[in-house]
Amino acid sequence: MRAALSYSVLVFLLTIGISSPIPALKSDEATAAASRIDPDGIQGSLVLCGGGKLPEAVRDRFIKLAGGKEARLVIIPTASGDDTIADDAREVAEIWKSREPASITLLHTRARGQADDGAFVEPLRHATGVWITGGRQSQIAAAYSGTLVERELCALLARGGVVGGTSAGAACQSRVMIVRGRIHEVPGLGLVPGAIVDQHFLARERKARLFEALAAHPGLVGLGIDEGTALIVRGRTLECLGDSTVTVCLAAGGGRLAQEFVIQPGKTSDLTMFRRAARDRLVSPFPGETLASPEVPHGALVIAGGGRIPEEVAQKFIELCGGPESPIVVLPAESGELRRGRRAEGGFLTRAGAKNVQVLKARNRAEVESTEFLGVIKQARGIWFGGGRQWRFVDDFEGTPAVEAFRELLSRGGAIGGSSAGATIQGEYLVRGSPLGNEEMMAPGYERGVALLPGTAIDQHFAERNRFADMSRVVSAHPQLLGIGLDESTAIIVRGHKAQVIGRRQAHFYDRSKPVGAGEPDHISVSAGGSYDLKERHVD
């Protein structure tokens, strides 16, 4: 089936008749964007191409995301020069026509008043994919930034569609745009949250200018896309597709040096992680040089190292919660979904005698901040964090009233426990927090735990996975932390500043406030039945 190529809405206004004001870029744009990070990333998909010859694999991916032969495409050629725009538009349309989409429509104007006209934007309301051609991103911004066209592009993404573009058609999709080496006074379309997109990145040696732009707009992430290459953004996933690479740049700040991360073709990374890392560079270095003493003045913590939880640990937790009748809330780490083959979360507590266990799977911010969710937490005498990936807890609870509700539970004498990821989240410094895998001990953007046990970094599955050297690296980098490694089927019970070891194996404590002798272990191991003074840093 040949595509239906519609020229009826191709509107050429070669005189610039701007009938509505052009929005200016606010000075706090970057800070505001960085402070509101949706962990789920974007809706729909973006295909950001760095210019040069577009690989067929990129074209194929865009069409697939737009719906294949059911795709209804809109092409926006406004970045082209006025004397070439008609030819460029038809040429691009012919290229996409070979993929046999259901329809192709060309959409163009230079008049902002027309970009706000409902009849003009009607094709966007039915589109499944929009392609923005290369040229001058300033012309895209001048015509469409802040107009109904921009809002309809956002609506397209919200219903699962795709917006793609090459060169200027990619650069215009971030709010902050670089034009001729400088920040453009008119904002871009803002489809890529919390980022600055730059194109022809390696081919034209644009690294310095991107870092300069980031320095002027702290809190944003730089996305440098080379020629012949596309960055596919879906949800929070960043995928590099094509012939070269994508370079993710973070400006210096918060006590950290500037950094760059290269995504190779066929590899993926995580947008939320980089946005959080950029945001963290707006504040004081973490962890601070001076940390609170590791102690729990009220209530108790039960911090377990993963694996099978011994019944004595479960029964001790129930006892600390106030007995079998006490209300206990279990919070899974799997975004509300239980992993296939895993026993029901909290089942070990009911088998140990708990009679009032409720599993709460609320995860998005609206659910976590709801009256119903917080009401259950405030009535509980115990909370148990499940296993899985600790970064999920960060996404779920950071910055919500739930964290204060956790602390209030302790202050009224309750108990909070957790195993594996549910143990690590209780420390102040979060180890193995990277969404890309659990091998990275110190992951920018995911370094802050809930700090129920302040001044600590907690790791699990310790001896079983030979993680001794991993914790050594953490405390060597941050000697102000007390490192705690927990073996499987082992837990520490923390009340005040004393940690009692119970279970099957050992807990391991790393204290860099004292010198480590040559050839000596850099930690103290305490077997079940022993205890360790977290404040004075010695075995009791």
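The values are calculated or read from the model by the stated rules, or taken from the named source; none is laboratory data. Treat the numbers as computed from the prediction; the structure is a model and nothing was measured. All Cβ positions, even for glycine, are placed from backbone atoms using ideal geometry, and neighbour counts span all protein chains on display.
Would you confirm whether or not the range 492-499 contains a residue that is over 23 Å from R512 (Cβ atoms) and either of a type outside the set (D, E, K, R) or in contact with a Phe, Trp or Tyr (Cβ under 8 Å, 6 or more places away or on another chain) (or both)? Break it down stepwise before answering.
Filtering the range 492-499 for residues over 23 Å from R512 (Cβ atoms) gives 493, 495.
Subset that is either of a type outside the set (D, E, K, R) or in contact with a Phe, Trp or Tyr (Cβ under 8 Å, 6 or more places away or on another chain) (or both): 493.
Within the range 492-499, one or more residues are over 23 Å from R512 (Cβ atoms) and either of a type outside the set (D, E, K, R) or in contact with a Phe, Trp or Tyr (Cβ under 8 Å, 6 or more places away or on another chain) (or both).
Which condition number does G160 fail, the rest of (1) in contact with a Ser or Thr (Cβ under 6 Å, 6 or more places away or on another chain); (2) part of a loop (DSSP other than H, G, I, E, B) being met?
Result: G160 passes all but (1).
Any residue that is of a type in the set (K, R), modelled with pLDDT under 95 and outside any loop (DSSP other than H, G, I, E, B) - is there at least one of those in the range 227-236?
So the first thing to find is which residues in the range 227-236 are of a type in the set (K, R), and the list is 234, 236.
Those left that are additionally modelled with pLDDT under 95: none.
Scanning the range 227-236, I find no residue that is of a type in the set (K, R), modelled with pLDDT under 95 and outside any loop (DSSP other than H, G, I, E, B), so the answer is no.
Across the range 251-268, what is the number of residues that are in contact with a helix residue (DSSP H, G or I) (Cβ under 7 Å, 6 or more places away or on another chain), at pLDDT 95 or above and surrounded by fewer than 24 Cβ atoms within 10 Å (Cβ to Cβ)? Lay out the reasoning, then the answer.
Kept after step one, since they are in contact with a helix residue (DSSP H, G or I) (Cβ under 7 Å, 6 or more places away or on another chain), are these residues of the range 251-268: 251, 254, 258.
From what's left, at pLDDT 95 or above: 251, 258.
From the residues that got through so far, the ones that are surrounded by fewer than 24 Cβ atoms within 10 Å (Cβ to Cβ) too are 258.
Number satisfying all stated conditions: 1.
Return the total of residues in the range 105-123 being among the hydrophobic types (A, V, I, L, M, F, W, C) and buried (at least 23 other Cβ atoms within 10 Å of the Cβ). Talk me through it step by step, then tell me what you get.
Our first condition is that a residue be among the hydrophobic types (A, V, I, L, M, F, W, C); within the range 105-123, this holds for 106-107, 111, 115, 119-121.
Right, trim to buried (at least 23 other Cβ atoms within 10 Å of the Cβ) and you get 106-107, 115, 121.
Qualifying residue count for the region: 4.
If I ask for residues that are surrounded by fewer than 20 Cβ atoms within 10 Å (Cβ to Cβ) and either hydrophobic (A, V, I, L, M, F, W, C) or not assigned by TED's automatic domain parsing to the domain that holds E464 (or both), which ones from the range 378-404 would you list?
V403
Given the structure, is V403 assigned to a loop (DSSP other than H, G, I, E, B) and among the β-branched types (V, I, T)? Working first, answer last.
Numbers: assigned to a loop (DSSP other than H, G, I, E, B): no; among the β-branched types (V, I, T): yes.
The answer is no for V403.
Can you work out which of the residues in the range 135-155 that are crowded, with 23+ Cβ neighbours inside 10 Å and in contact with a strand residue (DSSP E or B) (Cβ under 7 Å, 6 or more places away or on another chain) is nearest to G113 (Cα to Cα)?
Within the range 135-155, the match that is nearest to G113 (Cα to Cα) is I140.
All but one of (1) crowded, with 17+ Cβ neighbours inside 10 Å; (2) within 35 Å of the chain's Cα centre (by Cα); (3) more than 13 Å from T133 (Cα to Cα) hold for A79; which doesn't?
(3)
Of all residues in the range 269-292, which are of a type outside the set (D, E, K, R) and exposed (fewer than 14 other Cβ atoms within 10 Å of the Cβ)? Explain how you work it out, then say what you get.
Of the residues in the range 269-292, the ones of a type outside the set (D, E, K, R) are 269, 271-274, 277-278, 282-288, 290-292.
Of everything in the range 269-292, those that are of a type outside the set (D, E, K, R) and exposed (fewer than 14 other Cβ atoms within 10 Å of the Cβ) turn out to be V283, S284, P285, G288, T290, A292.
Restricting attention to the range 301-326, report how many residues are free of Cβ contacts under 8 Å to residues at least 60 places away in the same chain and at positive phi.
1
Which of the strands (runs of 3 or more DSSP E) contained wholly in the range 453-540 include at least 3 residues that are over 31 Å from the mean Cα position of the chain (by Cα) and either crowded, with 19+ Cβ neighbours inside 10 Å or in the same structural domain as G305 (by TED's automatic domain parsing) (or both)?
Values: elements: 453-459, 482-486, 490-496, 498-503, 506-511, 524-527, 531-533.
Per the criteria, 490-496, 498-503, 506-511, 524-527, 531-533.
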